[in-house]
Ligand SMILES: Nc1ncnc2c1ncn2[C@@H]1O[C@H](COP(=O)(O)OP(=O)(O)OP(=O)(O)O)[C@@H](O)[C@H]1O
Ligand SMILES: [Mg+2]
């Protein structure tokens, strides 16, 4: 009972002493904590963003067995067709597309035609096959939050973010820009589009695009043969409705294969197609190549962050040890007043632990704020959806390693204090 | 190995067995070596009755601080015996020695006596937080149920008695003069009336006025508590304050 009382008294004393000591040296300790906070948030942030991006990447397209475009590298084709990054060097002729359509081994085809944009958002010309067959994430189809898929000329369906960004809803009239880029110098003023639907959020580049029909694409470009719209030669809706449009080419096509075992066969056939140089890629393979490419970068980043953490831990150790050296007078007093070696050790440990825990909490707050700030920009520019979510086990381990490391560092002076407890001197004033 | 000789200028240094109270301090054939290659420091036998005050003199390096460290149980002697309040402390485990020191010994250093982040008052209260014995002594003395309040009151009384005005009680040590700091340290050593106070040149940084007042206050209050004092100084002018004095001689291996 008495022992219990004294233990409680000692624990209480250790806590109050630590509190006063931390407060007394708060300025220097705050700087140490901030340094540690920055490196912890950097490490944790990179780990977090890495796993989010990986998730986001693999989610962009699913169930598509082949992507077919003009002859190019597989990464290039993947980037412009799926991520809407960069431009196609060449197009796929309508004849080749028809030939693909006639191939009975393919169960479905989604043609896409890129080029124009709406306020910096890619305009994708396609057919209803897109709505029917395109899948993302875990085989999720596209769904509409409002309205319906286009089925006529000059009708447009908006990705969720586009609708949100410009506060558009069904019935709004949109003027498309000619070419890509966020500021178009030439605009298709004479052929306004009507919003017929808004898609649900997918967390993929789909959210950033607007969808029209291939016919609309052709119709809006009548009179634009020279690169600018010549007044009087462009079509009105009524005029356009009188005509039949056949595109001369498209940018790429997504395809589903009837019997999966034939996928490689079909890929080879397309790649060796005699009438036009074509490339067919397997999205999974291309994605993993892209990931590998980014993986190198990612590994380098992780390595750098590891360095940052090591440097920070060393500086933490330096500062803690220096602080402990400053504390030696106080420790001599406490020892002479009857403080046990255990109490002294706990003072050192509590100090390190307090700093580390504070740094972790601050890092979490900073990380959350950072992600909230960066994610709209990331999604707008790269179509990567970064969501705030609870930490996964790996990240918890990473975070938990910080106080553990601080404890180990705190243990160094604590250990020497304990050793000195075994062979102490009269008012020893230095040597940590 | 050379022998440190000592002169105990005491009328009857061998009559320790006579008094009823246990002698507060007895040392016999004590030796200590800081490093195994060095010759041992040897200390004279000492008997100090409860409540007596001993002046410990000696040249620099003669081992005065070392002796205090041994008495406080911060170091263990290589040979010989130390009995404090009749109890041999040589055989005690480190934690038991810490306990004993917390309960029965007050310490005053030459400088850096106070925990920098605690107020003067909190510094004085410290021994009661480390030792239930010293805390209980105060609460039983005042006979109140509120131990905390009793301890605070006692600390304030002690500080005031050592002429630290009320408004300085809540100051940090950095805002106190050296003389004030030393008196706060004295108050801490006296807190909870330990049986023995060990003071290592606590007046060396004080001017003669301050020094005399410090000596007077410390010894007066020790007298009231019947606390024995072992006081180290190389200032012979202080000797007259004490019942006994003893001089440690410089080991010859140092003087050569
Ligand atoms: N921590 C230590 N490690 C090794 N040797 C020490 C240590 N402390 C003291 N000594 C040695 O022990 C001897 C006695 O030292 P001590 O400090 O006890 O002398 P002192 O009488 O207090 O001197 P002063 O009057 O200068 O304070 C000296 O020779 C000193 O060099
Ligand atoms: Mg000394």
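Filtered by the rule that a residue be within 16 Å of ligand 2 (Cβ to nearest atom) and either away from chain A (no Cβ under 14 Å) or at pLDDT below 85 (or both), the range B:216-256 gives B:231, B:233, B:234, B:235, B:238, B:246, B:247, B:248, B:249, B:250, B:251, B:254.
When residue B:112 is tested against (1) surrounded by fewer than 20 Cβ atoms within 10 Å (Cβ to Cβ); (2) at pLDDT 90 or above; (3) within 16 Å of ligand 2 (Cβ to nearest atom), only condition (2) is not met. Of the helices (runs of 4 or more DSSP H) lying entirely inside the range A:1-88, the ones with 3 or more residues being within 14 Å of chain B (Cβ to nearest Cβ) and surrounded by fewer than 21 Cβ atoms within 10 Å (Cβ to Cβ) are found at A:2-24, A:26-59.
All conditions but one from (1) over 22 Å from residue B:221 (Cα atoms); (2) at pLDDT below 90; (3) away from chain A (no Cβ under 13 Å) apply to residue B:83; the one that does not is (2).
Where helices (runs of 4 or more DSSP H) sit wholly within the range A:279-392, those with at least 3 residues that are in contact (Cβ under 8 Å) with a residue 40 or more places away in the chain and farther than 30 Å from residue A:10 by Cβ occupy A:283-326, A:341-382. Is it fair to say residue A:354 is at pLDDT 85 or above and touching a strand residue (DSSP E or B) at 6+ places or on another chain (Cβ under 7 Å)? No; evaluated as a whole, the condition is false for this residue.
Somewhere in the range B:105-119, is a residue out of contact with any strand residue (DSSP E or B) (no Cβ under 9 Å at 6 or more places or on another chain), in a helix (DSSP H, G or I) and away from ligand 1 (no atom under 16 Å from the Cβ)? Checking the range B:105-119: not a single residue is out of contact with any strand residue (DSSP E or B) (no Cβ under 9 Å at 6 or more places or on another chain), in a helix (DSSP H, G or I) and away from ligand 1 (no atom under 16 Å from the Cβ).
Could you list, in sequence order, all residues of the range B:32-53 that are within 16 Å of ligand 2 (Cβ to nearest atom) and in contact with a strand residue (DSSP E or B) (Cβ under 7 Å, 6 or more places away or on another chain)? Don't jump to the end; show me each part of the working.
At the first step, the residues of the range B:32-53 found to be within 16 Å of ligand 2 (Cβ to nearest atom) are B:32, B:34, B:41, B:43.
Passing the criteria: B:32, B:41, B:43.
The condition of being on the phi < 0 side of the Ramachandran plot, more than 13 Å from the chain's Cα centre (by Cα) and at the interface with chain A (Cβ under 8 Å from one of its Cβ atoms) holds for only one of B:41, B:92, B:68, B:118, that being B:118. Per the listing B:48, B:74, B:54, the residue uniquely more than 14 Å from chain A (Cβ to nearest Cβ) and in contact with a helix residue (DSSP H, G or I) (Cβ under 9 Å, 6 or more places away or on another chain) is B:48. Can you spot a residue in the range B:135-152 that is away from chain A (no Cβ under 14 Å) and within 24 Å of residue B:177 (Cα to Cα)? Yes: the range B:135-152 contains one or more residues that are away from chain A (no Cβ under 14 Å) and within 24 Å of residue B:177 (Cα to Cα).
Taking the condition within 24 Å of residue B:48 (Cβ to Cβ), surrounded by fewer than 16 Cβ atoms within 10 Å (Cβ to Cβ) and away from ligand 1 (no atom under 16 Å from the Cβ), does residue B:96 pass?
Numbers: within 24 Å of residue B:48 (Cβ to Cβ): yes; surrounded by fewer than 16 Cβ atoms within 10 Å (Cβ to Cβ): yes; away from ligand 1 (no atom under 16 Å from the Cβ): yes.
Here the answer is yes, as residue B:96 does meet what is asked.
Note on the range B:33-87: enclosed strands (runs of 3 or more DSSP E) holding 1 or more residues that are within 11 Å of ligand 1 (Cβ to nearest atom) are B:41-43, B:53-58.
Specify the residue that is surrounded by the most Cβ atoms within 10 Å (Cβ to Cβ); the eligible residues are those in the range A:164-214 that are over 21 Å from the mean Cα position of the chain (by Cα) and part of a helix (DSSP H, G or I). Out of the qualifying residues, it is A:214.
The values are calculated or read from the model by the stated rules, or taken from the named source; none is laboratory data. Keep in mind that this is a model prediction, so the values were computed, not measured. Reconstructed Cβ throughout: ideal geometry from the backbone, glycine too, with neighbour counts over all protein chains shown.
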